[in-house]
Amino acid sequence: MPLVGAVALALTWGRHLAPAVSIVVGLVLTAAVLASVHHAEVVAHRVGEPFGSLLLAVSVTVIEVALIITFMISGGHGSHALARDTVFAAVMITCNGILGLSLLIGAIRNQVAVFNPEGTGAALATVATLATLTLVLPAFTTSGQGAQFTGSQLVFAAVSSLVIYWIFVLTQTGRHRDFFLPVADDGSVLDDSTHAQPPTNRIAIASLVLLLVALVDVVGLAKVESPNIESAVESLDLPQSFVGVVIALLVLLPETLAAANNALRGRIQVSLNLALGSSVASIGLTIPAVAVASIWIEGPLVLGLGPTQMVLLLITVVVASLTVAPGRATRLQAGLHLVLLAAFVFLAAVP
């Protein structure tokens with residue numbers, strides 16, 4: 001599928017697509033996303049946890065940054081707030097959608113979903129800090145115009161995001177690596193050796209190459225489809241900010257599938273690593289990249305959230321904190337997060 005996607009990209013790049021062709025390209029795009037899941041999981045299995053979850057999160061963030069910058073360069077209506085809309089949508093989808101789905105599968109499978117509260121809580125605290133620094137504060141600062149940072153404030157937020165992300169990575173992969181490993185029902189850490197044997201180096205390298213090709217396919221085909229996405233949003237009479245939700249849903253599809261697969265195998269901690277790690281990477285890497293890109297992109301860069309979005313972010317952090325603190329969750333906690341995701345999508349469509 002990565003090779004088929006590359007051929008489709010070569011045939012459609014720079015062309016206006018008829019509706020029927022656009023549907024075919026959309027199917028190929030979806031298949032490329034699914035292929036990226038497979039090859040990323042192969043490589044992730046080879047490098048082990050938590051490096052595998054980290055690899056998947058960074059791969060998704062590369063797609064997200066590329067799509068945001070592509071749409072911003074096109075200069076369409078609402079592009080000045082696209083980074084904010086996409087990053088916030090990613091936070092809501094990961095912290096409510098992927099997390100809630102993973103807990104629901106785990107609770108149905110074993111009555112109670114068990115995970116490591118130290119690692120999950122640290123990841124959630126990182127998400128809350130990054131979201132506040134980059135998405136909440138711009139709405140309250142007084143030096144800039146509207147919900148915007150000044151140049152120096154944007155530099156500070158970008159550098160702070162990178163520093164926080166780097167500290168998180170060091171924590172996840174270094175001294176406290178065991179905080180992010182799967183746990184048994186009694187709370188003991190499960191070693192990777194209890195699962196299937198990892199692939200050979202040859203297979204892992206082949207999957208890495210195909211993963212890179214699939215990521216290029218996803219970014220390129222999404223760029224080809226972008227005019228049709230914007231037209232569809234407009235024809236459905238949805239706010240232009242809903243484009244950010246569409247982008248986030250697309251780029252997080254691999255993470256969602258990978259998290260669900262791990263939850264089905266009883267590896268709830270891996271699923272939560274994927275969910276919260278993607279959120280950390282989405283903010284910690286996307287905001288600095290967009291800040292650098294804003295030097296060449298004309299127009300303002302709006303990052304501050306509106307009142308409705310802030311309320312959703314606040315209740316998400318509060319509920320998620322109460323969910324991860326015990327290290328055990330039931331269908332109730334899963335349902336709360338999924339309802340919060342539904343509220344976000346509904347209010348994004350009907351603000």
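Tabulated results
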| item | result |
| --- | --- |
| Residue among Leu208, Leu276 that is more than 26 Å from Leu133 (Cβ to Cβ) and either in a helix (DSSP H, G or I) or modelled with pLDDT under 85 (or both) | Leu208 |
| Residue count, the range 112-134 (criterion: in a helix (DSSP H, G or I), closer than 25 Å to Leu101 by Cα, touching a residue at least 40 places away in the same chain (Cβ under 8 Å) and out of contact with any Cys (no Cβ under 7 Å at 6 or more places or on another chain)) | 12 |
| Residue check, Gly119 within 30 Å of Ala83 (Cβ to Cβ), at pLDDT below 95 and over 20 Å from the mean Cα position of the chain (by Cα) | no |
| Test: residue in the range 252-265 that is under 15 Å from Ala349 (Cα atoms) and touching a residue at least 24 places away in the same chain (Cβ under 8 Å) | no |
| Members of the range 241-266 found to be assigned to a loop (DSSP other than H, G, I, E, B) and surrounded by fewer than 24 Cβ atoms within 10 Å (Cβ to Cβ), listed by number | Ser241, Arg265, Gly266 |
| Restricting the range 1-32 to residues that are crowded, with 19+ Cβ neighbours inside 10 Å and within 14 Å of Leu212 (Cβ to Cβ), the residue that is modelled with the lowest pLDDT | Ala32 |
| Residue list for the range 105-130, filter: surrounded by fewer than 22 Cβ atoms within 10 Å (Cβ to Cβ) and out of contact with any strand residue (DSSP E or B) (no Cβ under 7 Å at 6 or more places or on another chain) | Ile108, Arg109, Asn110, Gln111, Pro117, Glu118, Gly121, Ala122, Ala125, Ala128, Thr129 |
| Pair list, Cβ < 8 Å and 6+ apart or interchain, from the range 285-302 residues that are in a helix (DSSP H, G or I) to residues that are β-branched (Val, Ile, Thr) and surrounded by fewer than 20 Cβ atoms within 10 Å (Cβ to Cβ) | Leu285/Val58; Pro288/Val159; Ala291/Val155 |
| Odd one out for Gly266 among (1) within 30 Å of Asn116 (Cα to Cα); (2) of a type outside the set (A, V, I, L, M); (3) modelled with pLDDT under 95; (4) out of contact with any Lys or Arg (no Cβ under 9 Å at 6 or more places or on another chain) | (4) |
| Considering residues of the range 132-145 that are surrounded by fewer than 24 Cβ atoms within 10 Å (Cβ to Cβ), out of contact with any Gly (no Cβ under 6 Å at 6 or more places or on another chain) and modelled with pLDDT of 90 or more only, the residue nearest to Ser160 (Cα to Cα) | Leu133 |
| Lone unmet requirement of (1) more than 28 Å from Thr126 (Cα to Cα); (2) within 18 Å of the chain's Cα centre (by Cα) for Asn262 | (1) |
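Listed here are the residues, each with its yes/no results for (1) of a type in the set (Ser, Thr, Tyr); (2) over 30 Å from Thr132 (Cβ atoms); (3) modelled with pLDDT of 85 or more; (4) assigned to a helix (DSSP H, G or I).
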| site | (1), (2), (3), (4) |
| --- | --- |
| Glu41 | no, yes, no, yes |
| Ile68 | no, no, no, yes |
| Arg84 | no, no, yes, yes |
| Ile98 | no, no, yes, yes |
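The values are calculated or read from the model by the stated rules, or taken from the named source; none is laboratory data. Remember, predicted model here, so these are calculated numbers, not experimental data. All Cβ positions, even for glycine, are placed from backbone atoms using ideal geometry, and neighbour counts span all protein chains on display.
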